[in-house]
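Report on one structure; see the data block that follows.
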Amino acid sequence: MGPTAVIDLSALRHNLQRAAALAPGSRLYAVIKANAYGHGLLRAARAFSDADALAVARVEEAVQLRLAGIDHPLLVLEGFFNAEELEAASHYQLEVAIQQPEQLQILSEHSIGRPVTCWLKMDTGMHRLGFQPDAVDAAWKFLNAHASVAKGVRVMTHLASADDLSNPVTNDQLRLFRVHADQLNTVTSIANSAGIIGWPTSRTDWARPGIMLYGASPMLGRTGVSEGLRPAMTLKSRIIAINSFAKGSPIGYSGSWVCPEDMRVAVVAAGYGDGYPRHAPPGTPVLLNKQRVPLIGRVSMDMLNLDLRTQPEVRVGDEVVLWGEGLAVEEVAERAGTIAYELFCGVTQRVVFEEING
(Lines give C-alpha, C1' and ligand atoms only; values in the text may rest on other atoms or scores of the structure.)
Protein backbone atom coordinates (compact mmCIF):
# COMPACT_ATOMS: atom_id res chain seq x y z
CA MET A 1 0.00 0.00 0.00
CA GLY A 2 1.39 3.37 -1.01
CA PRO A 3 0.47 6.73 -2.52
CA THR A 4 -1.63 7.24 -5.61
CA ALA A 5 -1.58 10.34 -7.81
CA VAL A 6 -5.03 10.79 -9.30
CA ILE A 7 -4.91 12.91 -12.47
CA ASP A 8 -8.20 14.56 -13.38
CA LEU A 9 -8.15 14.97 -17.15
CA SER A 10 -11.23 17.17 -17.06
CA ALA A 11 -9.34 19.57 -14.76
CA LEU A 12 -6.49 19.78 -17.28
CA ARG A 13 -8.97 20.63 -20.02
CA HIS A 14 -10.74 23.16 -17.78
CA ASN A 15 -7.50 24.91 -16.93
CA LEU A 16 -6.55 25.19 -20.59
CA GLN A 17 -9.95 26.76 -21.26
CA ARG A 18 -9.37 29.16 -18.37
CA ALA A 19 -6.03 30.25 -19.84
CA ALA A 20 -7.71 30.78 -23.22
CA ALA A 21 -10.44 32.87 -21.59
CA LEU A 22 -7.89 35.09 -19.84
CA ALA A 23 -5.92 35.62 -23.06
CA PRO A 24 -8.60 35.67 -25.76
CA GLY A 25 -6.38 37.42 -28.27
CA SER A 26 -3.49 34.97 -27.93
CA ARG A 27 -2.83 31.53 -29.30
CA LEU A 28 -1.57 29.09 -26.68
CA TYR A 29 1.44 26.86 -26.30
CA ALA A 30 0.47 24.41 -23.56
CA VAL A 31 3.75 23.88 -21.72
CA ILE A 32 4.28 20.20 -20.88
CA LYS A 33 8.00 20.16 -20.09
CA ALA A 34 9.40 18.13 -17.16
CA ASN A 35 6.96 15.28 -17.75
CA ALA A 36 4.13 17.83 -17.81
CA TYR A 37 5.13 19.16 -14.41
CA GLY A 38 4.99 15.61 -13.07
CA HIS A 39 1.53 14.86 -14.50
CA GLY A 40 2.70 12.69 -17.41
CA LEU A 41 4.01 13.94 -20.75
CA LEU A 42 1.80 11.93 -23.11
CA ARG A 43 -1.20 12.11 -20.79
CA ALA A 44 -1.05 15.90 -20.79
CA ALA A 45 -0.34 16.17 -24.51
CA ARG A 46 -3.50 14.22 -25.25
CA ALA A 47 -5.55 16.13 -22.67
CA PHE A 48 -4.44 19.42 -24.25
CA SER A 49 -5.61 18.46 -27.72
CA ASP A 50 -7.45 21.79 -27.98
CA ALA A 51 -4.25 23.79 -27.47
CA ASP A 52 -2.89 25.58 -30.53
CA ALA A 53 0.52 24.03 -29.89
CA LEU A 54 2.62 22.34 -27.21
CA ALA A 55 5.95 23.36 -25.69
CA VAL A 56 8.71 21.34 -24.03
CA ALA A 57 12.18 22.19 -22.75
CA ARG A 58 14.32 19.73 -24.68
CA VAL A 59 14.54 18.10 -28.07
CA GLU A 60 14.28 14.57 -26.64
CA GLU A 61 10.93 15.44 -25.07
CA ALA A 62 9.60 16.62 -28.41
CA VAL A 63 10.90 13.54 -30.22
CA GLN A 64 9.16 11.33 -27.66
CA LEU A 65 5.90 13.10 -28.44
CA ARG A 66 6.34 12.75 -32.19
CA LEU A 67 7.10 9.03 -31.86
CA ALA A 68 3.92 8.66 -29.82
CA GLY A 69 1.88 10.16 -32.64
CA ILE A 70 1.44 13.72 -31.34
CA ASP A 71 1.15 15.94 -34.41
CA HIS A 72 0.61 19.34 -32.76
CA PRO A 73 3.15 22.08 -33.47
CA LEU A 74 5.94 21.55 -30.90
CA LEU A 75 8.19 24.29 -29.55
CA VAL A 76 11.50 23.38 -27.88
CA LEU A 77 12.06 26.17 -25.39
CA GLU A 78 15.79 25.58 -24.92
CA GLY A 79 16.38 24.93 -28.61
CA PHE A 80 19.10 22.65 -29.99
CA PHE A 81 22.67 22.28 -28.70
CA ASN A 82 24.42 20.20 -31.37
CA ALA A 83 24.08 19.11 -34.99
CA GLU A 84 22.18 15.96 -34.06
CA GLU A 85 19.51 17.94 -32.24
CA LEU A 86 19.27 20.37 -35.15
CA GLU A 87 18.76 17.41 -37.51
CA ALA A 88 16.07 16.03 -35.19
CA ALA A 89 14.34 19.40 -35.11
CA SER A 90 14.27 19.41 -38.88
CA HIS A 91 13.22 15.77 -39.26
CA TYR A 92 10.41 15.94 -36.69
CA GLN A 93 9.29 19.45 -37.69
CA LEU A 94 10.01 21.08 -34.35
CA GLU A 95 10.02 24.79 -33.61
CA VAL A 96 13.12 25.91 -31.70
CA ALA A 97 14.15 28.80 -29.52
CA ILE A 98 17.39 30.50 -30.56
CA GLN A 99 18.95 32.02 -27.48
CA GLN A 100 22.75 31.96 -27.78
CA PRO A 101 25.45 32.60 -30.44
CA GLU A 102 26.56 28.95 -30.37
CA GLN A 103 23.26 27.96 -31.94
CA LEU A 104 23.87 30.37 -34.77
CA GLN A 105 27.27 28.76 -35.25
CA ILE A 106 25.71 25.30 -35.46
CA LEU A 107 23.30 26.58 -38.09
CA SER A 108 26.14 28.11 -40.09
CA GLU A 109 28.12 24.84 -40.09
CA HIS A 110 25.35 22.38 -40.95
CA SER A 111 22.72 22.18 -43.65
CA ILE A 112 19.42 20.42 -43.04
CA GLY A 113 16.80 19.05 -45.38
CA ARG A 114 13.81 20.93 -44.01
CA PRO A 115 14.04 24.47 -42.60
CA VAL A 116 13.06 24.91 -38.94
CA THR A 117 10.78 27.54 -37.47
CA CYS A 118 12.77 29.70 -35.07
CA TRP A 119 11.86 31.86 -32.11
CA LEU A 120 14.60 34.41 -31.39
CA LYS A 121 14.77 34.84 -27.63
CA MET A 122 15.59 38.24 -26.17
CA ASP A 123 16.88 38.62 -22.62
CA THR A 124 14.90 41.55 -21.24
CA GLY A 125 15.78 41.00 -17.58
CA MET A 126 15.54 37.31 -16.69
CA HIS A 127 19.30 37.01 -17.33
CA ARG A 128 19.19 33.30 -17.98
CA LEU A 129 18.81 32.58 -21.70
CA GLY A 130 18.50 34.94 -24.62
CA PHE A 131 20.35 37.52 -26.67
CA GLN A 132 21.00 40.87 -25.08
CA PRO A 133 18.94 43.65 -26.72
CA ASP A 134 21.94 45.13 -28.51
CA ALA A 135 22.69 41.74 -30.12
CA VAL A 136 19.15 41.00 -31.26
CA ASP A 137 19.31 42.84 -34.57
CA ALA A 138 22.37 40.93 -35.81
CA ALA A 139 20.92 37.57 -34.75
CA TRP A 140 17.64 38.48 -36.41
CA LYS A 141 19.35 39.30 -39.70
CA PHE A 142 21.37 36.07 -39.59
CA LEU A 143 18.30 33.91 -39.02
CA ASN A 144 16.22 35.57 -41.69
CA ALA A 145 19.00 35.13 -44.25
CA HIS A 146 19.77 31.47 -43.48
CA ALA A 147 18.48 28.73 -45.75
CA SER A 148 17.96 26.32 -42.82
CA VAL A 149 15.56 28.72 -41.09
CA ALA A 150 11.91 28.83 -42.12
CA LYS A 151 10.52 32.16 -43.24
CA GLY A 152 8.88 34.26 -40.57
CA VAL A 153 11.29 34.28 -37.64
CA ARG A 154 9.46 35.07 -34.41
CA VAL A 155 10.64 36.77 -31.23
CA MET A 156 10.02 35.94 -27.57
CA THR A 157 11.13 36.75 -24.05
CA HIS A 158 10.56 35.38 -20.55
CA LEU A 159 9.23 37.26 -17.53
CA ALA A 160 11.33 37.06 -14.39
CA SER A 161 9.07 38.44 -11.65
CA ALA A 162 5.53 38.38 -12.99
CA ASP A 163 4.34 36.42 -9.94
CA ASP A 164 4.63 39.66 -7.94
CA LEU A 165 2.21 42.33 -9.16
CA SER A 166 4.02 45.00 -7.14
CA ASN A 167 7.41 44.37 -8.75
CA PRO A 168 8.28 47.03 -11.37
CA VAL A 169 10.66 44.68 -13.21
CA THR A 170 7.86 43.23 -15.32
CA ASN A 171 6.83 46.58 -16.74
CA ASP A 172 10.50 47.33 -17.45
CA GLN A 173 10.79 44.04 -19.34
CA LEU A 174 7.62 44.69 -21.32
CA ARG A 175 8.77 48.16 -22.35
CA LEU A 176 12.21 46.92 -23.40
CA PHE A 177 10.75 44.04 -25.39
CA ARG A 178 8.25 46.26 -27.16
CA VAL A 179 10.94 48.72 -28.29
CA HIS A 180 12.76 45.97 -30.16
CA ALA A 181 9.79 43.82 -31.19
CA ASP A 182 8.03 46.76 -32.82
CA GLN A 183 11.07 47.31 -35.03
CA LEU A 184 11.13 43.65 -36.07
CA ASN A 185 7.41 43.65 -36.89
CA THR A 186 6.88 39.93 -36.37
CA VAL A 187 4.97 37.39 -34.29
CA THR A 188 5.73 37.66 -30.55
CA SER A 189 5.36 35.69 -27.32
CA ILE A 190 5.82 36.97 -23.78
CA ALA A 191 3.20 35.72 -21.31
CA ASN A 192 3.79 32.72 -19.10
CA SER A 193 1.12 31.68 -16.57
CA ALA A 194 1.78 34.72 -14.39
CA GLY A 195 1.67 37.00 -17.42
CA ILE A 196 -1.63 35.54 -18.54
CA ILE A 197 -3.17 36.03 -15.10
CA GLY A 198 -1.67 39.32 -14.00
CA TRP A 199 -0.19 41.31 -16.89
CA PRO A 200 -2.62 42.01 -19.75
CA THR A 201 -0.06 43.72 -21.98
CA SER A 202 2.07 40.57 -21.99
CA ARG A 203 -0.69 38.65 -23.78
CA THR A 204 0.60 39.03 -27.33
CA ASP A 205 0.30 36.73 -30.36
CA TRP A 206 1.27 33.62 -28.41
CA ALA A 207 1.12 32.88 -24.68
CA ARG A 208 2.80 29.98 -22.89
CA PRO A 209 0.74 28.75 -19.92
CA GLY A 210 2.53 26.26 -17.70
CA ILE A 211 1.82 25.80 -13.99
CA MET A 212 -1.72 27.16 -14.28
CA LEU A 213 -2.65 24.27 -16.57
CA TYR A 214 -2.13 21.92 -13.64
CA GLY A 215 -4.31 23.88 -11.27
CA ALA A 216 -1.78 25.86 -9.25
CA SER A 217 -1.38 29.61 -9.18
CA PRO A 218 1.93 31.24 -10.12
CA MET A 219 0.98 34.39 -8.20
CA LEU A 220 2.38 35.15 -4.76
CA GLY A 221 -0.05 34.39 -1.95
CA ARG A 222 -2.76 33.01 -4.22
CA THR A 223 -4.08 29.55 -5.00
CA GLY A 224 -5.27 27.97 -8.19
CA VAL A 225 -8.85 27.88 -6.93
CA SER A 226 -8.76 31.67 -6.46
CA GLU A 227 -7.74 31.98 -10.13
CA GLY A 228 -10.66 29.85 -11.32
CA LEU A 229 -8.46 26.79 -11.82
CA ARG A 230 -9.01 23.20 -10.74
CA PRO A 231 -6.34 20.92 -9.21
CA ALA A 232 -5.36 18.28 -11.74
CA MET A 233 -3.35 16.10 -9.35
CA THR A 234 -4.59 14.72 -6.05
CA LEU A 235 -1.86 12.85 -4.18
CA LYS A 236 -3.32 10.50 -1.62
CA SER A 237 -2.48 7.49 0.51
CA ARG A 238 -3.88 5.54 3.46
CA ILE A 239 -3.28 5.00 7.15
CA ILE A 240 -1.31 1.81 7.80
CA ALA A 241 -1.08 1.98 11.61
CA ILE A 242 -2.63 3.72 14.60
CA ASN A 243 -0.72 3.85 17.88
CA SER A 244 -1.45 5.23 21.34
CA PHE A 245 1.34 7.04 23.18
CA ALA A 246 1.70 8.58 26.62
CA LYS A 247 2.42 12.23 27.27
CA GLY A 248 6.10 12.96 26.67
CA SER A 249 6.60 10.25 24.05
CA PRO A 250 8.88 11.34 21.16
CA ILE A 251 7.59 10.75 17.64
CA GLY A 252 9.79 9.88 14.65
CA TYR A 253 13.44 10.45 13.82
CA SER A 254 15.41 12.38 16.46
CA GLY A 255 12.30 12.61 18.65
CA SER A 256 11.96 16.24 17.65
CA TRP A 257 8.20 16.24 18.29
CA VAL A 258 6.94 15.15 21.70
CA CYS A 259 3.36 14.21 22.61
CA PRO A 260 1.88 17.03 24.72
CA GLU A 261 -0.63 14.60 26.25
CA ASP A 262 -1.76 11.01 25.99
CA MET A 263 -2.83 10.69 22.36
CA ARG A 264 -3.23 8.53 19.27
CA VAL A 265 -0.91 8.86 16.31
CA ALA A 266 -1.53 7.61 12.75
CA VAL A 267 1.13 6.39 10.37
CA VAL A 268 0.53 7.15 6.67
CA ALA A 269 2.18 5.24 3.83
CA ALA A 270 3.84 8.24 2.16
CA GLY A 271 7.16 9.98 2.53
CA TYR A 272 9.94 11.75 0.71
CA GLY A 273 10.62 8.56 -1.25
CA ASP A 274 7.29 9.26 -2.91
CA GLY A 275 7.89 12.97 -3.40
CA TYR A 276 6.26 14.34 -0.27
CA PRO A 277 8.53 17.17 0.94
CA ARG A 278 10.91 16.05 3.69
CA HIS A 279 11.02 19.55 5.13
CA ALA A 280 7.27 19.83 5.68
CA PRO A 281 7.15 20.88 9.34
CA PRO A 282 4.80 19.72 12.09
CA GLY A 283 1.44 21.37 11.59
CA THR A 284 1.44 20.94 7.82
CA PRO A 285 -2.13 19.85 7.04
CA VAL A 286 -3.42 16.77 5.28
CA LEU A 287 -7.03 15.78 4.72
CA LEU A 288 -8.11 12.73 6.69
CA ASN A 289 -11.65 11.70 5.83
CA LYS A 290 -12.05 15.25 4.43
CA GLN A 291 -10.97 16.87 7.73
CA ARG A 292 -7.73 18.80 8.19
CA VAL A 293 -5.27 17.01 10.46
CA PRO A 294 -1.70 18.16 11.26
CA LEU A 295 1.53 16.39 10.49
CA ILE A 296 3.73 15.60 13.51
CA GLY A 297 7.37 14.54 13.68
CA ARG A 298 9.74 14.37 10.75
CA VAL A 299 8.73 13.08 7.34
CA SER A 300 10.43 9.73 6.72
CA MET A 301 11.30 8.10 3.40
CA ASP A 302 8.19 5.91 3.36
CA MET A 303 5.96 7.23 6.14
CA LEU A 304 4.67 10.27 7.96
CA ASN A 305 2.77 10.71 11.23
CA LEU A 306 -0.50 12.46 12.01
CA ASP A 307 -2.03 13.89 15.18
CA LEU A 308 -5.37 12.12 15.73
CA ARG A 309 -6.61 14.09 18.73
CA THR A 310 -9.42 15.61 16.66
CA GLN A 311 -10.22 12.36 14.84
CA PRO A 312 -11.24 9.68 17.37
CA GLU A 313 -13.08 7.50 14.83
CA VAL A 314 -10.21 7.01 12.39
CA ARG A 315 -9.32 3.45 11.38
CA VAL A 316 -6.44 1.75 9.59
CA GLY A 317 -7.09 1.96 5.85
CA ASP A 318 -8.72 5.38 5.92
CA GLU A 319 -7.77 7.69 3.06
CA VAL A 320 -5.44 10.67 3.44
CA VAL A 321 -5.14 13.46 0.85
CA LEU A 322 -1.66 14.97 0.86
CA TRP A 323 -2.51 17.70 -1.64
CA GLY A 324 -5.02 18.29 -4.41
CA GLU A 325 -8.80 18.22 -4.24
CA GLY A 326 -9.75 20.09 -1.06
CA LEU A 327 -6.17 20.93 -0.01
CA ALA A 328 -4.22 23.43 -2.11
CA VAL A 329 -0.78 22.27 -3.14
CA GLU A 330 0.37 25.87 -2.69
CA GLU A 331 -0.32 25.61 1.07
CA VAL A 332 1.72 22.45 1.44
CA ALA A 333 4.53 23.95 -0.62
CA GLU A 334 4.60 27.14 1.44
CA ARG A 335 4.78 25.16 4.67
CA ALA A 336 7.71 23.17 3.27
CA GLY A 337 9.54 26.27 2.04
CA THR A 338 9.20 25.44 -1.64
CA ILE A 339 6.80 25.93 -4.57
CA ALA A 340 4.06 23.86 -6.17
CA TYR A 341 6.21 23.31 -9.26
CA GLU A 342 8.76 21.35 -7.22
CA LEU A 343 6.16 19.24 -5.46
CA PHE A 344 4.52 18.25 -8.75
CA CYS A 345 7.83 17.46 -10.45
CA GLY A 346 9.10 15.57 -7.40
CA VAL A 347 6.44 12.84 -7.36
CA THR A 348 8.48 9.69 -7.82
CA GLN A 349 8.17 6.67 -10.09
CA ARG A 350 6.93 4.34 -7.38
CA VAL A 351 3.74 6.36 -6.97
CA VAL A 352 0.81 4.79 -8.84
CA PHE A 353 -0.87 7.12 -11.32
CA GLU A 354 -4.57 6.90 -12.07
CA GLU A 355 -6.64 8.90 -14.54
CA ILE A 356 -10.21 10.03 -14.07
CA ASN A 357 -12.71 11.90 -16.24
CA GLY A 358 -11.07 10.92 -19.50
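What number of residues within the range 93-120 satisfy the criterion of being β-branched (V, I, T), part of a loop (DSSP other than H, G, I, E, B) and under 24 Å from the mean Cα position of the chain (by Cα)?
0
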Open item on the list: Could you go through the range 166-173 and let me know if any residue there is under 30 Å from the mean Cα position of the chain (by Cα) and either in a strand (DSSP E or B) or farther than 25 Å from E227 by Cβ (or both).
Closed with: no
Open item on the list: Please list, ordered by residue number, the strands (runs of 3 or more DSSP E) wholly in the range 191-310 having 2 or more residues that are open to solvent by 20 Å² or more (accessible area, probe 1.4 Å) and β-branched (V, I, T).
Closed with: 233-245
Task: Which numbered condition F48 fails, given (1) in contact (Cβ under 8 Å) with a residue 60 or more places away in the chain; (2) over 30 Å from A269 (Cα atoms); (3) of a type outside the set (S, T, Y); (4) in contact with an Asp or Glu (Cβ under 6 Å, 6 or more places away or on another chain) - done: (4)
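For the range 151-177: of the residues being basic (K, R) and surrounded by fewer than 16 Cβ atoms within 10 Å (Cβ to Cβ), which is farthest from M212 (Cα to Cα)?
The residue in question is K151.
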- [ ] Could you pull out the residue among S161, S148 that is more than 31 Å from the chain's Cα centre (by Cα) and either farther than 15 Å from L75 by Cβ or polar (S, T, N, Q) (or both)?
- [x] S148
Task: T157 being in contact (Cβ under 8 Å) with a residue 24 or more places away in the chain, closer than 18 Å to K121 by Cβ and touching a strand residue (DSSP E or B) at 6+ places or on another chain (Cβ under 9 Å) - done: yes
- [ ] Looking only at the range 13-21, decide whether some residue is part of a loop (DSSP other than H, G, I, E, B) and modelled with pLDDT of 95 or more.
- [x] no
Open item on the list: Can you say whether E109 is closer than 30 Å to N171 by Cα, open to solvent by 10 Å² or more (accessible area, probe 1.4 Å) and of a type outside the set (V, I, T), as far as the supplied structure shows?
Closed with: no
TODO: Inspect all residues belonging to the range 77-92 and state whether any of them is assigned to a strand (DSSP E or B), under 16 Å from R154 (Cβ atoms) and open to solvent by less than 70 Å² (accessible area, probe 1.4 Å).
DONE: no
Open item on the list: I'm checking my understanding of the structure. Among residues of the range 24-39 that are crowded, with 21+ Cβ neighbours inside 10 Å and not in a helix (DSSP H, G or I), which one is farthest from the chain's Cα centre (by Cα)?
Closed with: S26
TODO: Look at A138 and say whether it is open to solvent by 60 Å² or more (accessible area, probe 1.4 Å), small (G, A, S) and at pLDDT 95 or above.
DONE: yes
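The values are calculated or read from the model by the stated rules, or taken from the named source; none is laboratory data. Here the structure is a predicted model, which means the values were calculated and not measured. FYI the Cβ positions are ideal-geometry reconstructions off the backbone, even for glycines, and counts take in every protein chain you see. Heads up: the accessible areas ignore ligands, DNA and RNA and are worked out on the full protein's heavy atoms, side chains in. Shrake-Rupley method; radii C 1.70, N 1.55, O 1.52, S 1.80 Å.
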